[in-house]
Amino acid sequence: MTRVLVVGSGLAGLIAAVRATDAGHRVTLVTKAALSDSNTRYAQGGIAAALFPDDSTDAHILDTLRAGAGLCDPAAVRVLCEEGPARVRDLIRFGVDFDRDESGITRGLEAAHSRSRVLHAGGDATGAAIETALVATVQERAKRAHALGGDQITIHEHTMLVDLIVTDGPGTVRVTGAMLLGPDGTQHAVAADAVILATGGAGALYRHTTNPAIATGDGVAAAWRAGAAVADVEFYQFHPTALAVPGTPLVSEAVRGEGAVLLTSTGERFMPAIHPDAELAPRDIVARSIAAQMKKQGGAPVLLDATGLGRDLLESRFPTITAACRAAGLDWAVQPIPVAPAAHYWMGGVATDCWGRTSLAGLYAVGEVARTGAHGANRLASNSLLEAAVFADRAVRALDAEEQRPPLFDDLEAVAELGSDPDEAGTLVERSTLQELLWEAAGVHRSGSGLTRAAVTLAGWRAVDRARATVAELETGNLLDLGRLIVAAALAREESRGAHHRADFPDSRLELARPRFTRHPASTRPLLTVPSQPSEAIAC
Ligand code: SIN
């Protein structure tokens with residue numbers, strides 16, 4: 001029986017935990033906040049899959065490759081689109097109640113999809129519906145195991161990943177567990193045969209984000225420090241339309257899919273002059289066009305006019321957005337609402353193969369923490385929940401083949417040290433200053449000079465020593481590591497492609513149409529080795 005440590009409780013982590021339990025493994029599921037707190041819960045747009053007779057796997061593949069701007073891994077895209085329908089059916093079996101009408105499951109159209117293939121639940125509350133169903137499924141498994149006197153799955157909330165434990169065995173470096181910070185404020189080592197990272201993205205890197213504050217990239221940062229290969233970290237997707245009020249709640253692309261249009265502050269449509277698909281152009285193009293328009297109008301947000309959709313449709317199809325507008329004192333049935341881009345989804349992350357396996361034996365990454373290559377330089381709308389479901393399932397299937405060698409990544413380069421150690425001199429990093437810096441230098445628009453200045457600033461900052469840090473300090477330290485990684489990768493990519501746009505290199509360059517796999521400079525030696533008697537106890 002394999003001891004599996006799953007870190008994170010969004011869609012990817014919950015599927016991994018359920019599947020691994022059902023496969024007979026012993027599972028420990030840890031999550032930084034409450035079990036139902038995750039980025040998944042905030043997903044509005046839905047889950048895309050070629051499930052309908054007028055659609056095909058090939059059409060979904062083509063749309064995904066087009067959006068990915070030449071950087072997708074075709075094998076990962078094929079796996080995503082071929083296995084997607086089966087994983088959506090699994091979600092239905094786990095209790096997700098997708099919206100239906102008299103003809104069956106309803107489906108929506110989103111930007112850059114050639115067919116209507118996006119399923120929703122509760123209108124724009126798809127992520128919340130999926131999270132609720134999967135949390136109930138995991139809890140039911142834990143209850144059943146407990147009733148039978150077993151500990152096949154144990155759940156530890158408010159327990160944060162500090163670092164991965166790496167063991168230097170004969171011929172291979174292996175992840176053999178993790179250091180965790182429990183709710184009692186102490187760190188514990190937990191041994192595992194396999195660690196599955198499902199810790200999500202890092203929207204908290206940026207001043208404006210649609211992500212919850214817990215999205216601090218803890219898994220990518222820990223994997224990076226442990227020496228795992230990462231890739232495509234320069235590609236951060238900015239959603240074009242977050243409501244321009246404190247908290248920047250998401251205004252789903254599906255609203256534009258239903259016919260809403262973007263207006264300047266003086267009420268003119270501007271997207272038709274920029275792209276033939278106008279408001280439904282690929283997400284990066286719409287986000288950049290909005291940012292450019294905001295600059296022209298002195299920084300004021302643009303307007304999203306959904307009044308033509310009518311109150312009934314807005315309130316029934318988009319209850320979450322209706323509530324967010326209402327909380328901000330806006331009635332979007334009668335007035336255009338202010339919107340602006342915000343950090344939304346990280347295409348880059350821990351490099352994996354099509355089985356969720358990373359470059360370190362014993363370490364898997366699934367969901368947004370992973371870079372599978374399925375999204376390339378720009379993710380197609382509503383492919384993220386799908387990717388989480390597909391690759392979490394595959395990672396568990398791969399556990400039994402774990403004795404195989406970890407995958408090798410092309411031209412894996414150890415990059416130069418990006419900043420100072422905690423004990424070295426430097427200014428203690430402040431999260432809000434870091435978020436401001438990343439937004440300005442590595443946001444929607446980038447330039448070599450701005451990125452160079454940001455790299456110098458970041459190199460002079462330091463984080464609190466991880467051995468003594470609180471949860472908030474650990475998170476900020478992770479964000480500092482990731483900010484350095486993103487800025488270095490954005491500087492190294494001297495072109496514009498997908499979500500990465502540089503004013504000094506405005507065009508794509510054919511010779512750069514490939515991912516860049518990098519690893520920590522110190523990764524030839526283990527950073528944190530397993531204690532001789534690893535504790536399995538977590539105080540909860
Ligand atoms: C949205 O609803 O616009 C977001 C969907 C996604 O990010 O895939």
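The values are calculated or read from the model by the stated rules, or taken from the named source; none is laboratory data. Note that the structure is predicted; figures quoted are calculated from it, not measured. FYI the Cβ positions are ideal-geometry reconstructions off the backbone, even for glycines, and counts take in every protein chain you see. Ligands, DNA and RNA are excluded from the accessible area calculation, which covers all protein heavy atoms including side chains. Shrake-Rupley method; radii C 1.70, N 1.55, O 1.52, S 1.80 Å.
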Residues of region 19-36 satisfying the condition of being within 14 Å of Thr132 (Cα to Cα) and touching a helix residue (DSSP H, G or I) at 6+ places or on another chain (Cβ under 9 Å): Leu35, Ser36
Helices (runs of 4 or more DSSP H) lying entirely in region 427-511 (those with 3 or more residues that are within 30 Å of Gly182 (Cα to Cα)): 431-441, 471-492
Which listed residue is under 20 Å from the mean Cα position of the chain (by Cα), part of a helix (DSSP H, G or I) and farther than 27 Å from Ser116 by Cα, from Ala12, Ala33, Ala17: Ala17
Qualifying residue in region 271-287 (condition: within 30 Å of Val30 (Cα to Cα) and more than 18 Å from the chain's Cα centre (by Cα)): no
Positions within region 20-59 being over 30 Å from Glu110 (Cα atoms) and among the basic types (Lys, Arg), in sequence order: Arg26, Lys32
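More than 18 Å from Ala228 (Cα to Cα), open to solvent by 10 Å² or more (accessible area, probe 1.4 Å) and either of a type in the set (Lys, Arg) or modelled with pLDDT of 95 or more (or both): which single residue out of Arg405, Arg357, Arg394 fits that description? Don't jump to the end; show me each part of the working.
Numbers: Arg405 fails: more than 18 Å from Ala228 (Cα to Cα); Arg357 fails: more than 18 Å from Ala228 (Cα to Cα).
Within the list Arg405, Arg357, Arg394, the selection yields Arg394.
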Lone unmet requirement of (1) within 28 Å of Ala281 (Cα to Cα); (2) of a type in the set (Val, Ile, Thr); (3) modelled with pLDDT under 95 for Thr2: (1)
Thr372 more than 16 Å from the ligand (Cβ to nearest atom), within 28 Å of Gln435 (Cβ to Cβ) and open to solvent by less than 10 Å² (accessible area, probe 1.4 Å): no
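If I ask for residues that are away from the ligand (no atom under 16 Å from the Cβ) and open to solvent by 40 Å² or more (accessible area, probe 1.4 Å), which ones from region 22-46 would you list? Let's see the steps before the verdict.
Within region 22-46, the first condition is being away from the ligand (no atom under 16 Å from the Cβ), and the residues that meet it are 22-37.
Of everything in region 22-46, those that are away from the ligand (no atom under 16 Å from the Cβ) and open to solvent by 40 Å² or more (accessible area, probe 1.4 Å) turn out to be Asp22, Ala23, Arg26, Lys32, Ser36, Asp37.
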Lone unmet requirement of (1) of a type outside the set (Gly, Ala, Ser); (2) within 23 Å of Ile285 (Cβ to Cβ); (3) not in a loop (DSSP other than H, G, I, E, B) for Glu110: (3)
Contacts under 6 angstrom Cβ, first residue in region 230-259 being within 16 Å of the ligand (Cβ to nearest atom), partner among the hydroxyl-bearing types (Ser, Thr, Tyr), 6 or more apart: Gln237/Tyr345; His239/Thr210; Ala242/Thr210; Ala242/Thr248; Leu250/Thr210; Val251/Thr241
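Based on this model, can you work out whether Ala281 counts as at pLDDT below 95 and among the hydrophobic types (A, V, I, L, M, F, W, C)?
Yes; evaluated as a whole, the condition is true for this residue.
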Count of region 47-62 residues which are crowded, with 24+ Cβ neighbours inside 10 Å and either among the acidic types (Asp, Glu) or over 24 Å from Gly217 (Cβ atoms) (or both): 3
Segments classed as strands (runs of 3 or more DSSP E), wholly inside region 129-204, with at least 3 members that are of a type in the set (Val, Ile, Thr) and open to solvent by less than 10 Å² (accessible area, probe 1.4 Å): 160-169
